[in-house]
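What follows is a short report on a single structure.
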Amino acid sequence: MAKYIMAFDQGTTSSRAIIFDHSGKIIASLNKEFKQIYPKPGWVEHDPMEIWESQIEVAKGVIEKAGIDPGDIAAIGITNQRETTVVWDKNTGKPIYNAIVWQCRRTAPICDELKNKGFDKKIREKTGLVVDAYFSGTKVKWILDNVEGAREKAEKGELLFGNIDTWLIWNLTSGKVHVTDYSNASRTMLFNIHELKWDKEILAELNIPEQMLPEVKPSSYVYGYTDKNIFGVEIPIAGDAGDQQAALFGQACFKPGMAKNTYGTGCFMLMNTGEKAVPSNTGLLTTIAWGIDGKVEYALEGSIFIAGAAIQWLRDELRIIDNSPQSEEYALKVEDTNGVYVVPAFVGLGAPYWDMYARGTIVGLTRGAKREHIIRATLESIAYQTRDVLEAMQEDSGIKLQALKVDGGASANNFLMQFQSDILGVPVDRPQVIETTALGASYLAGLAVGFWNNKEEIEKNWNVDKHFEPAMDNEKREKLYKGWKKAVERAMKWAEE
Ligand SMILES: Nc1ncnc2c1ncn2[C@@H]1O[C@H](COP(=O)(O)OP(=O)(O)O)[C@@H](O)[C@H]1O
Ligand SMILES: O=P(O)(O)OC[C@H](O)CO
């Protein structure tokens, strides 16, 4: 019997492939960063061919690194940066435009129009989402409206739309399977999360032909098999979920009330709400967690657009650190931020503010402000944003969180995790495997092919690495947080015409 599962974790800044064994242990992992394209301020694109090529390169590389035979892989699970939009020609297989990334703000005016018409309320009800340039719907419309001949071709059925999961599965399968899963569909702003189908009224409003949309399947399901020319064998592709939902699954948050926070490019807190789609009154999203075992389960989500990406900004743009882990070293060289707050609203602000026109701000600078303070304030901004969404989530769900499960690249930062626990006043638990996104995709794939039998078996694989207890007194906590709220006010609406 095949001994491993391979996950493709196609993230915002890198493509990653990881091979897991039955105990959920990482056998080998390989990562490749790819180009971020910023054609204008606030615009973000990726080259879909580079995404595909980098993903295949790391997949082949990780098999070699692990020293295993492709025939030893029982299934592949796919997980992806969500919302990022690719439109391609069905006949040539070539994208007609770069992928418009979830962070891209170019469709803010289309969103404003929807809001002005009052159509946003309908969208909120049907899709669980807030009208924002974040989601795929307005991105598809933009491509159809702006790429020459696109709309005509789409109407003739010659173009296909997909998020990155769909794009990868279409390229991987010999039969060119055009599918997505419930969790990804729920991020398009085109999918009715209650009726579980593409919403004709929204499609008509955005003028998007339904025939270009993928078929929506469960998250644990055999969608197809890899073309033999890729790995030399046909491997079932059996799991598909948006990366944040996959992380919720990988953290074994299977019961209502269980929550996790993933610190990657952005930061995403999700709470399982079971078979109930809980509406939010605080600016959170109601989203599909996954479709499995013949049913769909929901989650409440707080989406923070910039988290680890702010650390990359310190490294690549400000060039005041050489690598991400160094941020911890510098942060610990000072006692506090000396009154400095960084609001990394580089692409607007997501939950709970939803301000497409907010922009990054540094406030509280004095003559004594050093790079250590700015670095520390940048790390702290990740924790403050998390507190914003945790408060919203507790209010919407009526559940007081006993502990927060964390994961993702930046959760490796012990300073950040301790400050997180301090500023929330809630313990933080980091598991041994922080690659829970990939792990969740593996679990979904493994369940579909009988590699794992049930969720109970998977739950036993979760082990804590480090537990962080709040160590800050309440007065200090609230004083610091008050300063953050003031800083956020300064960042809001900055880029509004
Ligand atoms: N030790 C660290 N401290 C702070 N940030 C870190 C650290 N290690 C990684 N990061 C940040 O985490 C992000 C990478 O995490 P990852 O989970 O791989 O993200 P993604 O899936 O979004 O590409 C990067 O933005 C990086 O700057
Ligand atoms: O690339 P990540 O891991 O930051 O995830 C991006 C999210 O899926 C965007 O919604």
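The values are calculated or read from the model by the stated rules, or taken from the named source; none is laboratory data. This structure is a prediction, so every number in the text was calculated from the model and none was measured. Note that each Cβ is placed from the backbone with ideal geometry, even for glycine, and that neighbours are counted across all protein chains shown.
Quick look at the values:
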read-out: Number of the condition not met by residue 481 [criteria: (1) more than 16 Å from ligand 1 (Cβ to nearest atom); (2) in contact with a strand residue (DSSP E or B) (Cβ under 6 Å, 6 or more places away or on another chain)]; value: (2)
read-out: Close pairs from region 198-210: first free of Cβ contacts under 8 Å to residues at least 24 places away in the same chain, partner surrounded by 18 or more Cβ atoms within 10 Å (Cβ to Cβ) and in a loop (DSSP other than H, G, I, E, B), Cβ under 7 Å, at least 6 apart; value: 198/190; 198/213; 203/190
read-out: Unmet requirement for residue 268, which otherwise passes all of (1) crowded, with 24+ Cβ neighbours inside 10 Å; (2) within 16 Å of ligand 2 (Cβ to nearest atom); (3) touching a residue at least 40 places away in the same chain (Cβ under 8 Å); value: (3)
read-out: Close pairs (7 angstrom Cβ cut-off, 6 or more residues apart or separate chains): touching a residue at least 60 places away in the same chain (Cβ under 8 Å) and under 24 Å from residue 101 (Cα atoms) in region 306-333, of a type in the set (D, E, K, R) and assigned to a helix (DSSP H, G or I) anywhere; value: 324/315
read-out: Wholly enclosed strands (runs of 3 or more DSSP E) of region 1-45 bearing at least 3 residues among the acidic types (Asp, Glu); value: none
read-out: In region 1-42, residue nearest to ligand 2 (Cβ to nearest atom) [restricted to those that are among the charged types (D, E, K, R) and either free of Cβ contacts under 8 Å to residues at least 12 places away in the same chain or in contact with a helix residue (DSSP H, G or I) (Cβ under 9 Å, 6 or more places away or on another chain) (or both)]; value: 9
read-out: Verdict on residue 273 being within 30 Å of residue 464 (Cβ to Cβ) and either within 16 Å of ligand 2 (Cβ to nearest atom) or in contact with a strand residue (DSSP E or B) (Cβ under 7 Å, 6 or more places away or on another chain) (or both); value: yes
read-out: Unique residue being surrounded by fewer than 16 Cβ atoms within 10 Å (Cβ to Cβ) and modelled with pLDDT of 95 or more when the list is 497, 457, 475; value: 475
read-out: Pair list, Cβ under 7 Å, 6 or more apart: region 421-438 residue free of Cβ contacts under 8 Å to residues at least 60 places away in the same chain, other residue of a type in the set (Phe, Trp, Tyr); value: 421/468; 423/384; 423/481; 427/468; 428/468
read-out: Tabulated pairs, region 110-137, first at positive phi, second part of a helix (DSSP H, G or I), C-beta under 6 angstrom, 6+ apart or interchain; value: none
read-out: Residues of region 15-31 satisfying the condition of being among the hydroxyl-bearing types (Ser, Thr, Tyr) and at pLDDT 95 or above; value: 15, 29
read-out: Members of region 351-383 found to be free of Cβ contacts under 8 Å to residues at least 40 places away in the same chain and buried (at least 21 other Cβ atoms within 10 Å of the Cβ), listed by number; value: 373
read-out: Every residue from region 327-350 that is modelled with pLDDT under 95 and on the phi < 0 side of the Ramachandran plot; value: 346, 347, 349, 350
